[in-house]
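In what follows, a structure is listed as structure tokens, so that the remarks can point back to it.
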Amino acid sequence: MVDERDKIILDILSKDARTPFTEIAKILGISETAVRKRVKALEEKGIIEGYTIKINPKKLGYSLVTITGVDTRPEKLFEVAEKLKEFEFVRELYLSSGDHMIMAVIWAKDGEDLADIISNKIGKIDGVTKVCPAIILERLK
């Protein structure tokens, strides 16, 4: 299990994975070596699966970001999910319970690009029955 110090380390690294261990050590009042050992243990336990960056899609020319629900015929669910993984415009992909079977985070250059993605790419996958995009207006957290 994780203790309070581990939780603080996870919180700090989730906000900025590049935070120096020396800075984390100062916050926790422990040595850098202790922080390093804790992080290594969290990695070995699979709690920390990797390190990533946040990308601003608008700076790369993608003015629309959507969370898109995709419904399929039940027997085609995994096949559709595999095909969606192949598209570069699909930035994140989840199987879900609730309103839609699959949820995809999609980056599109503009409305025309999004329409093409929905109609001519996702909508044409064998087994897809419904595509429901919700345009993200503002990221809050």
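Is it the case that some residue within the stretch 30-38 is in a helix (DSSP H, G or I), more than 29 Å from Asp116 (Cα to Cα) and in contact (Cβ under 8 Å) with a residue 24 or more places away in the chain?
The answer is yes; a qualifying residue exists.
Restricting attention to the stretch 16-31, does a residue exist that is within 20 Å of the chain's Cα centre (by Cα) and surrounded by 14 or more Cβ atoms within 10 Å (Cβ to Cβ)? If you could, list the steps in order and put the result at the bottom.
At the first step, the residues of the stretch 16-31 found to be within 20 Å of the chain's Cα centre (by Cα) are 16-18.
Right, trim to surrounded by 14 or more Cβ atoms within 10 Å (Cβ to Cβ) and you get none.
No, every residue in the stretch 16-31 fails to be within 20 Å of the chain's Cα centre (by Cα) and surrounded by 14 or more Cβ atoms within 10 Å (Cβ to Cβ).
Taken together, the values in this text are just the output of simple stated rules run on the coordinates, not laboratory data. Computed from a predicted model, the values in this text were never measured in an experiment. Here the Cβ is made from the backbone with ideal geometry for all residues, glycine too, and neighbour counts use every protein chain on show.
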